[in-house]
Structures are given as structure tokens and as C-alpha cells.
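The values are calculated or read from the model by the stated rules, or taken from the named source; none is laboratory data. Keep in mind that this is a model prediction, so the values were computed, not measured. All Cβ positions, glycine included, derive from the backbone under ideal geometry; neighbour counts span all protein chains shown.
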Amino acid sequence: MAATFHGVGATVAALSSSSSPSNSFGSKKLLSSPSRSFSVRKRASFTVVRSDGSVNFDLNSKGRRAQQLIANAVATKADSSPASSSSKPGHELLLFEALREGLEEEMERDPCVCVMGEDVGHYGGSYKVTKGLATKFGDLRVLDTPIAENSFTGMGIGAAMTGLRPVVEGMNMGFLLLAFNQISNNCGMLHYTSGGQFTIPIVIRGPGGVGRQLGAEHSQRLESYFQSIPGIQMVACSTPYNAKGLMKAAIRSENPVILFEHVLLYNLKERIPDEDYICNLEEAEMVRPGEHVTILTYSRMRYHVMQAAKTLVNKGYDPEVIDIRSLKPFDLYTIGNSVKKTHRVLIVEECMRTGGIGASLTAAITENFNDYLDAPVMCLSSQDVPTPYAGTLEEWTVVQPAQIVTAVEQLCQ
Amino acid sequence: MALSHLAASASRSSSLLKPLSSALSLRRSISGDNSPLTVETSVPFTSHQCEAPSRSVETNPKELLTFFRDMALMRRMEIAADSLYKAKLIRGFCHLYDGQEAVAVGMEAAITKKDCIITAYRDHCTFVSRGGTLLEVFAELMGRQAGCSKGKGGSMHFYKKDSNFYGGHGIVGAQVPLGCGLAFAQKNSKDETVTFALYGDGAANQGQLFEALNISALWDLPAILVCENNHYGMGTAEWRAAKSPAYYKRGDYVPGLKVDGMDALAVKQACKFAKEHALKNGPIILEMDTYRYHGHSMSDPGSTYRTRDEISGVRQERDPIERIRKLILSHDLATEKELKDVEKEVRKEVDDAIAQAKESPMPEPSELFTNVYAKGLGVESFGADRKEVRATLP
């Protein structure tokens, strides 16, 4: 198990340590054997889904869910070993390759799936997610658009109204602000305002989040702006495994899904199963079961949390880490079970403090689980500032592992 | 002459017989026949980057009578909606199409139900021409269950999927990229159909239009952009909003055609031409020179930015229904009285539909949460305990 994760551990270390040597967070200490924190991550969450499985998989059906449940919720070591041995023959790849694999498999499976975006075709995608697809599927299915987000998102939605399943790529999520009207009014609301006549099975995806000194406009977290649009689903991927699974599930879903990727996570390496599998769009992922505190996170912050978790474990704490994955709707079931167990919640997110996913999640938890909380919900978010260019300042805008450790210590006292 | 005698005797008989006699007289002409008739359009077409179609339009008595009936129905429907709005049965926004009926009717005559139409918020008549029933219209306007969108859309959100009517959009100009997306799907399916994306002279200044036009021309999509130029973008006259009011030329490299939008036959000719063109050569722009008698919407009296003389002038000279009426009468396809009977019939139909719509109930409270997601997914179903929880309304 340890061997397969070295790649991930190393990349994670590279991610969170800053380039400046005067790193006051003492990250050196945290870079010890990465395998420990990942060893309990359940590998049993994959399922063999027949590739001719129905397009409309019924998420409501309890029977189905039992099969592909990631709630083998609290994974035990016993569970993971037989599973991991059968997953050994899987293949290793990077996150962007996993996205591409998911996309390619869905495009093969269903001729209605097409990709639209800037430079997705001949160029291969600015982050190589669509590399090779244009040569394989042709110009009518992998479409290079001009720089016109408003209209090509609108065109994707119009095509979806007729039954095509477009995957619209925003080269950077921030550019989709130009298409906000289309996403909000047409994508989100058409199913409702037409009384159910039209479904919009579109997937809007793209990288967002704070990268490496990309500047304010290219470091935006659009999930906070889109979260109140009724009618859309939002998911955020964080590992190659769930990236592929979520991509496939999003394409198969009848609802419009916005898939948030992160610029810094594209080179994560992981071993994923060879079989066909999808990840449930509305479920959260239990990353590390624990007893003392529930840490809710998603996307890149998951790795900061896991790094902090190592320190916390050394200090004697037992954090339960949940990658919420589904940003809209929240998986209040998994979260609720966790809160009922630990009675303390820490949310670590990359959105800004005001109006972010954390803010909504805090409200949802307080409303639903107030009786189970021993302490107020704590939420660590990015600062309410445009992301500065300077490396040190940029580091300070996002939540760092040391802050997470301090927060947990505060919560648990 | 025998007919007028018959009609005269009918007027003396009981009202029960009256419809019978008028039906008798109607059977002669209103059913019409398919014998070809050629009519010249009132105004020649002006073209940009293409050859204008001929001014002579092939039609037949049946079609002319259908035009008359349909336009009379639409006119009556819009006037009725006006009174319903004033009676506060219709709330919010209500944008009326009277004066522009020829565009909806002429377009429908040139295409099939497999071609797609998408328009903005002035969509009541386009919905009807696509096959929507009056009951669906009035029920939706009044927010009742029998409405085409179950009462959840309203005036600006009429849709009819089975006849490829894609609505019904409130945000100005946003429907044009959607329309180009429909054209993209049609190109993919290779079924020789086209999309008509309608917008107004106000929307013609939206950037997304040009973006969509660029992409459609690049990808050779069978998209026909139709500018319904009624010369006013809400309260702003077109000369105050557009530097170049020649909307059919705005496509630059995309051909365009300017059409008299108050002449249903000219509209039909242009749409036929445009469909053939789009299937072969990609997008084309049609500019329909039309006029709306009402204000922009029911909250706009329509007289603060234009004179009443202008409105009545257009009504006298260019009214689409009058034009067809004169055509029918001059070709002796029906008598004055028969046409008046059609109008009365249509009025009754509208009144009946309104009465029926008023009986339709308001949507159930649970309808608040249906259709947010396909198959009822969403926050309200997955409560903290994973049961189907519907929020209780206060």
C-alpha cells in the first residue's frame, strides 16, 4: 500500500510547501512517511458498473446505493485489504489523465457526448484534459470555440435542450463569469420554468482555485458564486479516482452539473481501477475516520488537511476527515453521522470567508445538527481579498496546515 | 346573391340555426381550396450579400383563410390577455404581440414542426402558431396547473417540446446562443432542419449575438437569426440605440434579408428562402420590419415615446389582418360577413378558453419543489435523515 502512495505523498508535499525557504510552518516535520495518513483510506469504494449500464442511474434507490456506497462509510482495514488486492491490477495515472479517461470512455459509450471549449481540440486542452480526443472523435464532437464564453455556454445549453450531452470547458473557471447569465437563467432554471419539459444534461467543468501566483483574476473560486443557482449540481474532485468517477457520473446525469477542478491538483498521481466505475454525485468521501473532530473540506484543501492531520495524530488527536465532494447539494447524511459521533466540526475551504461554501455549510450544520455540537462550528476560509501575485502574500490568503492544527487544538480543548 | 338571401333569412331565424347557416356558407369558402394563387408582396425584399427571393408568393385560398383565422385568433388572444391583466388575473410581466402576428403566422407556414423556433419573451403567439392551445396559454398566464409550464413559468416561459418550440426567455438576447446550440444539434443529427432564433431590435445590440453568429458561421450551422424590428427597444427608439439600424446588414459576412414583417406572405417567402439557404450555406439574418400596437409590456402605456398618430397610422396602413382581409375579399375567397363570423367564432373560442382556464386550479404547494432537478434530486429530498422530506410551507 505504501508503495503506491509515494507518488501522491511526494506531490502533496510539493504542493503545500512554499517555494520560499523561510517557511515558518516547519513543513519539514510534516513530510515524514506519507503512507501513514493514507493507509486507512478505503479503496473499496469502486464498483464494477457495467459499461452498458443505464444512463439514468437511480440515485434514490437504496439498493443501488448499497452496491456503490462509499459508505462502507467507516472503512475498516479488513475491508480495504481484499479490495485493494483486487485493485492492484489497476493502472497509475495523473489526475488530468483520469479526467481524460473518464471523458473518453463516456464519449465512446454515448455518441451524444461532445466537448466544447477554447483550445480543447487541436491544441489538446490547456491542461491536457482533452488531449488526443479531437483526433479520435473528430471536429464535430470536440469543438474548438472562439473566445466567447457567453455564447458557447449558451450553445451548449441549447444543444443540451435537444438531448445532446455537451461538456463545456471553461479554460479557467473565472472566465465562466462571462457566461453567468446562461448558467444561472438557462442552465439552472429551464427545467423548472418549462414545467419539466426540457432537461439540461450539460457538464460545465474547468480548473479554478488559487494556483501558483496566477494573479487575482485567474485565482477565483466560482463555487461560491454559483452555489445559490437553483437547479444545478456542483461537485469538486480532488483525487484521480474521484475525478474520473465524478466526470463520468456528471456526464450521465440528467441534471446540469458543474465540476470544479483545481489548477494545482492536475498532476496528482494515483492508482485507479481498470473497471468501469462512477462516483455518486451527491455523496461525500470519508478520507480518514476518526473520533475527536470532524474536518470537512474539498478540493485542494483536502491535502492541506491531511498534512495537518499527520501533525494532529502525532499530537494525539484523532480527526475525522471528510471530503465533501458534493458542493450542491451537501451530503448532510454523511456529515450528520460524523457530527453525531465527534460533536465538533471544522470546515476548511478555499472559498473566501464571505458567502463561500463554508458559510453555507456552517449554516446547514448549525440548523440541522445544533443539538449534537459541543462547540460552535469553526470555518477556516481564504481571506476576503483578491489573490495577490507575490508568493508569500498568496500563501497567506489560503488556509495553511499550521492554521488547521491550531484550529483543531482550539476546538478540542 | 343566393348566399346573401340565405344569410338574411338566417338572421331572422333562431340563434340555433344561425351557426348552421353560417356553417353552410362557410363550407363554401372558408374551408378553401388548394388552387394556387400568386400574390405580390407589398414591398420588395432588400438583401445583403445574397440574391433576394422573388416578390411573387405562391399561396392558395385555404392558406389565406388559415392566415386570417390564425391572426384573428392571436389578436383576440392578446387583447383578452390585456383585459385579464387589467383585472389583475395576470400579474408580473405581460408582453403582447398584437401587430406582429404576421411574423409568427408566416414563419409557421414556411416550415415544419421539426424545425426549431426559439424566441424572447413576446412569445404567446409564437407558442400558439407552434400548436399550443389557448387553454395552455391562458392557464399559464394566470399561473394555473393547466398551463404549458404547469404555471411555474409565466408569460415569458412558454415552451412546447413536442413541436420544437424552445421558448420563451426573459433575458434579452440570451436565447440567440441557445438557438445556435439548437442549430448545432440539428447539424449533428443531419435531419435537414433549421432553427429560427428570434430577437428584437433591442437585443440586436447584445454582444452574445455576434459571438453566436461568428460561431454559427464558422461551424456552418443551419441557424436563421430573425430580428423582429418593431423599432422600439422598450422605450428607446431604434435610432437612439443603434448606430446602424440596418439589422439585416449587421452580420457583415453573413447574408441578410429585410422583409416587410406586416405582410404574412412576404414573411412566408422569406422564411422559405432562408431555410433553403441555411441548409446549404450556413447562417442568415432576416430582419422583419414590424410594429407592436401595445407598449413594451402591460406596464408601459406605449405612448410616452411615440405618438398615438403613429400607432393609428400603422394600424390603418399596415395592419396584417386587414391586409389579408383585403386580399381575401379582392380575390372573392369569402365575403365580408363570413370573415366577421370567423372573428366572432374566434372571440368565442378565446372566451371559452379563458373560462376553462379560470377553472383550472393553482398548482399544489408540493409543485414548488418539483422539476428543480430531473427526478427530484435536490436538497429538499435529502434531509439529514435521507428521507423524502418536503418542506412545509407556512
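A few remarks follow.
- Note on the range B:140-177: among residues that are in a helix (DSSP H, G or I) and under 18 Å from the mean Cα position of the chain (by Cα), the one that is farthest from the other protein chains (Cβ to nearest Cβ) is B:Leu141.
- Qualifying residue in the range A:386-403 (condition: closer than 22 Å to A:Glu282 by Cβ and not β-branched (Val, Ile, Thr)): no
- Selection within the range A:87-114 - closer than 19 Å to A:Ala250 by Cα, in contact with a Lys or Arg (Cβ under 7 Å, 6 or more places away or on another chain) and not aromatic (Phe, Trp, Tyr): A:Ala98, A:Leu99, A:Arg100, A:Glu101, A:Gly102, A:Glu105, A:Glu106, A:Met107, A:Asp110, A:Cys112, A:Val113, A:Cys114
- Check on B:Ala183, within 9 Å of chain A (Cβ to nearest Cβ), under 15 Å from B:His277 (Cβ atoms) and touching a helix residue (DSSP H, G or I) at 6+ places or on another chain (Cβ under 7 Å): yes
- Screening the range A:180-257 for helices (runs of 4 or more DSSP H) wholly inside it with 2 or more residues that are touching a His at 6+ places or on another chain (Cβ under 9 Å), over 14 Å from A:Gly170 (Cβ atoms) and within 9 Å of chain B (Cβ to nearest Cβ) returns the ranges A:190-193.
- Residue check, B:Val342 within 30 Å of A:Gly196 (Cα to Cα) and either not in a helix (DSSP H, G or I) or not small (Gly, Ala, Ser) (or both): no
- Of all residues in the range B:302-333 being outside any helix (DSSP H, G or I) and in contact with a strand residue (DSSP E or B) (Cβ under 8 Å, 6 or more places away or on another chain), the one that is surrounded by the fewest Cβ atoms within 10 Å (Cβ to Cβ): B:His331
- Flag not set for A:Leu190, criterion: in contact with a strand residue (DSSP E or B) (Cβ under 8 Å, 6 or more places away or on another chain) and at pLDDT 90 or above.
- Residue in the range B:210-222 that is facing chain A (nearest Cβ under 10 Å) and under 22 Å from the mean Cα position of the chain (by Cα) present: no
- Condition check for B:Pro255: away from every other protein chain (no Cβ under 14 Å) and in contact with a Cys (Cβ under 6 Å, 6 or more places away or on another chain): yes
- Scanning the range A:363-399 for residues that are assigned to a loop (DSSP other than H, G, I, E, B) and without any contact (Cβ under 8 Å) to a residue 40 or more places away in the chain gives A:Leu373, A:Asp374, A:Ala375, A:Pro376, A:Val377, A:Gln383, A:Asp384, A:Val385.
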